[in-house]
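> Below you'll find the structure I mean.
The values are calculated or read from the model by the stated rules, or taken from the named source; none is laboratory data. Computed from a prediction, not measured in an experiment: that's the story for all the values here. Don't worry about glycine lacking a Cβ; one is built from the backbone with ideal geometry, like all the others, and counts go over all protein chains shown. Accessible surface areas use protein heavy atoms only, side chains included; no ligands, DNA or RNA. Shrake-Rupley method; radii C 1.70, N 1.55, O 1.52, S 1.80 Å.
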Amino acid sequence: QVRLVESGGGLVQPGGSLRLSCVVSGIVFPMYEMAWYRQAPGKQRELVAVITSAGDTNYGDFVKGRFIISRDNTKKTVYLQMNSLQSEDTAVYFCSTRVGVAYFWGQGTQVTVSS
């Protein structure tokens, strides 16, 4: 059974930082690409960042160098370091992976950027 559990969200002031974590079980973690998505109220879910099994990364255009995705294969964990947070970054953040044709999602972690 594939399971993804996010943590690390919370309330942060504009300009602040947060690090999200996602612990994965049920797959051979090093073999799979991992991604972070986010969904703000009233908006569609959008891709934030992706990291391949080889460690190559790609980001949504809105990231603009502020976020870093990384993975620790020994801990079966993917991270999202978010810096220079803005109010527009307020959303529920989800980690995700694809196994064959099936997508798996965590429950999400809320990130709120507000003064």
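> Here's a check for you: in segment 65-84, which residue that is assigned to a loop (DSSP other than H, G, I, E, B) and among the basic types (Lys, Arg) is surrounded by the most Cβ atoms within 10 Å (Cβ to Cβ)? Talk me through it step by step, then tell me what you get.
Quick first cut of segment 65-84, residues assigned to a loop (DSSP other than H, G, I, E, B) only: 65-66, 73-76, 83-84.
Going one step further and asking which of them are among the basic types (Lys, Arg), we end up with 66, 75-76.
Working: Arg66: 15, Lys75: 12, Lys76: 18.
The qualifying residue surrounded by the most Cβ atoms within 10 Å (Cβ to Cβ) is Lys76.
> From the list Thr112, Thr57, Thr52, which one is of a type in the set (Val, Ile, Thr) and under 16 Å from Leu11 (Cα atoms)?
Sole residue among the options that is of a type in the set (Val, Ile, Thr) and under 16 Å from Leu11 (Cα atoms): Thr112.
For (1) more than 12 Å from the chain's Cα centre (by Cα); (2) within 14 Å of Val111 (Cβ to Cβ), each residue gets a yes or a no:
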| site | (1), (2) |
| --- | --- |
| Gln13 | yes, yes |
| Phe29 | yes, no |
| Ala35 | no, no |
| Ala49 | no, yes |
| Ala54 | yes, no |
| Phe67 | no, yes |
| Ser84 | yes, yes |
| Val92 | no, yes |
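> Residues of segment 1-19 being open to solvent by less than 50 Å² (accessible area, probe 1.4 Å) and either aliphatic (A, V, I, L, M) or assigned to a loop (DSSP other than H, G, I, E, B) (or both), which ones? Please lay out each step first, then the result.
Going residue by residue through segment 1-19, those that are open to solvent by less than 50 Å² (accessible area, probe 1.4 Å) are 2, 4, 6, 8-10, 12, 16, 18.
Answer for segment 1-19, where residues must be open to solvent by less than 50 Å² (accessible area, probe 1.4 Å) and either aliphatic (A, V, I, L, M) or assigned to a loop (DSSP other than H, G, I, E, B) (or both): Val2, Leu4, Gly8, Gly9, Val12, Gly16, Leu18.
> Filter segment 85-100 down to residues that are open to solvent by 60 Å² or more (accessible area, probe 1.4 Å) and not in a helix (DSSP H, G or I), then give me how many there are.
Adding up the residues that qualify gives 2.
> Let me ask another. Given (1) out of contact with any helix residue (DSSP H, G or I) (no Cβ under 7 Å at 6 or more places or on another chain); (2) free of Cβ contacts under 8 Å to residues at least 24 places away in the same chain, where does Gly26 come up short, assuming only one miss?
The one condition Gly26 does not meet is (2).
> Further question on the same structure: Take the residues in segment 20-64 that are of a type in the set (Asp, Glu) and assigned to a loop (DSSP other than H, G, I, E, B), then tell me which one is surrounded by the fewest Cβ atoms within 10 Å (Cβ to Cβ).
Among them, the one singled out is Asp56.
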